[in-house]
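Please treat every number below as a calculation from the coordinates, not as lab data. A quick note: this is a predicted structure, and the numbers were derived from the prediction, not measured. All Cβ positions, glycine included, derive from the backbone under ideal geometry; neighbour counts span all protein chains shown.
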Amino acid sequence: MTHYPTNLDVKPEVHAFFDDATNTISYIVKDPASNACAIIDSVMDIDYAAGRITYDHANKLIRSVEEMGLTVEWIIETHVHADHLSAAPYIQQKLGGKIGIGARIMVVQDTFGKIFNEGTEFQRDGSQFDALFEDGETYMVGKMQAFAMATPGHTPACMTHVMGDAAFVGDTLFMPDGGSARADFPGGDAGTLYESIQKVLRLPDETRLFMCHDYGPNGREIRWETTVAEEKAHNIHVGGGKTRDEFIKFRTERDAQLAMPRLIIPSLQVNMRAGELPPADESGKHFLKVPINCL
């Protein structure tokens, strides 16, 4: 079992930014001992019907970083998102920082490179990113040690990033009344997701957990922060000691009822490229493909 170097004595400042259009929460995470920070799961806006890209959400992050006088050292993607487009390259151009994702991005690129019929010019080696994290790998945000924990199941490349007493779980977990993410995308697996959730729940009980999405179940206000203890006790899909078999049965039946995310087609094509659009054609225009009967 991999040893993860948790340190609850380090308590980073966490600033959350909710995107109404995709129910995504992006984060600025500040090292408490310096002005260094990381940005996690940024959003690039798209009017899909019009094919128009804008950067309102990313600009909020950029303004906040500038107003707080912070230095961006990392722009982290917890996974290749299927429900929003990443603004990582746009933010990097404005603020610097290295773009990082899990090393198994290569599996995702191979899978979706085939689905979208990408040519040989599409590199499937993760080279679009500045850093590919292995399970348990540590890195620094200023003076704060962080580490990446492989938590596949929703996708093969999902990772939870732990910075001091804060863990950013991507789509591995939702708030306790939201349960867990689907596991039926290509490369997903409900049993693997259950095991990954158990890894997260083995972090210290006091660890703050920050979600990538919240949908306000039963009409409650949007929330994004909970703790390991709360998830273990109250998560409706895995809490209270639910077994792996129980989870697989529920998750498989539930996933069969879910529609594809509204933005899955543009999101995957952009996010597997670290947030870049597909290459322009000879006229300088960018296009997205729509694979028929492939998802």
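Points worth noting:
- Around Cys37: net Lys/Arg minus Asp/Glu count, Cβ-Cβ under 13 Å: -2
- Share antiparallel - DSSP beta bridges, the chain, percent rounded to 5: 70 percent
- For the stretch 207-255, applying the loop criterion from DSSP together with a ceiling of 15 other beta carbons within 10 Å to the chymotrypsin sites (Phe, Trp or Tyr not before Pro) yields Tyr215.
- Cleavage-rule hits, GluC sites (Glu not before Pro), the stretch 110-198, DSSP coil, Cβ neighbours within 10 Å at most 13: Glu121, Glu134
- Neighbour counting of Cβ atoms within 10 Å sorts the residues Tyr48, Tyr55, fewest neighbours leading, into Tyr48, Tyr55.
- Straight-distance crosslink candidates among aspartates and glutamates, where the alpha carbon sits under 18 Å from Lys11 and sequence neighbours closer than 8 are dropped: Asp31, Glu73, Asp165, Asp205, Glu206, Glu225
- Taking amide H as placed 1.01 Å from N in the peptide plane, the amide H of Glu13 sits under 5 Å from that of Lys30, each at least 5 places away or on another chain.
- Think of the stretch 13-269 as a dipole: +1 on every Lys or Arg Cβ, -1 on every Asp or Glu Cβ, centred on the Cα centre; then among Pro89, Ala190, Ser64, Ala190 lies furthest on the positive end.
- Separation of the Asn117 and Ala33 label points, Cα + 7 Å toward Cβ, nm: 5.4 nm
- Ranking Gly126, Gly100, Ala146 by Cα position along the charge dipole of the chain, where only Lys, Arg, Asp and Glu carry charges on their C-beta atoms, puts Gly126 farthest toward the positive end.
- Extension gain (nm, one decimal) between Asn59 and Ala259, 0.36 nm per residue minus Cα-Cα: 68.9 nm
- In this simple spin-label model, placing a label point 7 Å from the Cα along the Cα-to-Cβ direction at both Asp110 and Thr71 gives a separation of 3.9 nm.
- Phi-derived couplings, Karplus 6.51 cos²θ - 1.76 cosθ + 1.60 at θ = phi - 60°, listed residue by residue for the stretch 32-39: x, 9, 7, 9, 7, 8, 10, 10 Hz, with x used for Gly and Pro.
- Estimated vicinal HN-Hα couplings, Hz - the stretch 43-55 in sequence order (Karplus 6.51, -1.76, 1.60; Gly, Pro = x): 10, 9, 7, 9, 8, 5, 4, 8, x, 10, 9, 9, 9
- Under 5 Å, built H, 5+ apart or other chain: amide partners of Ile75: Ile39, Lys98, Ile99, Gly100
- Rg over Rh [alpha-carbon atoms, Kirkwood Rh] for the stretch 13-269: 0.94
- About its Cα centre, the chain has a charge dipole of approximately 220 debye under the convention of +1 per Lys or Arg Cβ and -1 per Asp or Glu Cβ, with nothing else charged.
- Paramagnetic reach from Met140 (point 7 Å along Cα→Cβ, amide N under 17 Å) across the stretch 93-127: 97-98
- Cross-link pairs Lys60/Lys242; Lys143/Lys199; Lys60/Lys285; Lys98/Lys199; Lys98/Lys289; Lys94/Lys285 - those with Cα-Cα distance over 30 Å: Lys60/Lys242
- Overall form of the stretch 25-98 per C-alpha gyration tensor (a/c, 1.5; a/b vs b/c): prolate
- The stretch 13-269: relative contact order in percent, alpha carbon pairs under 8 Å with at least 6 residues between: 17 percent
- Distance in nm between pseudo-label sites at Asn218 and Glu13 (7 Å out along the Cβ direction from Cα): 3.6 nm
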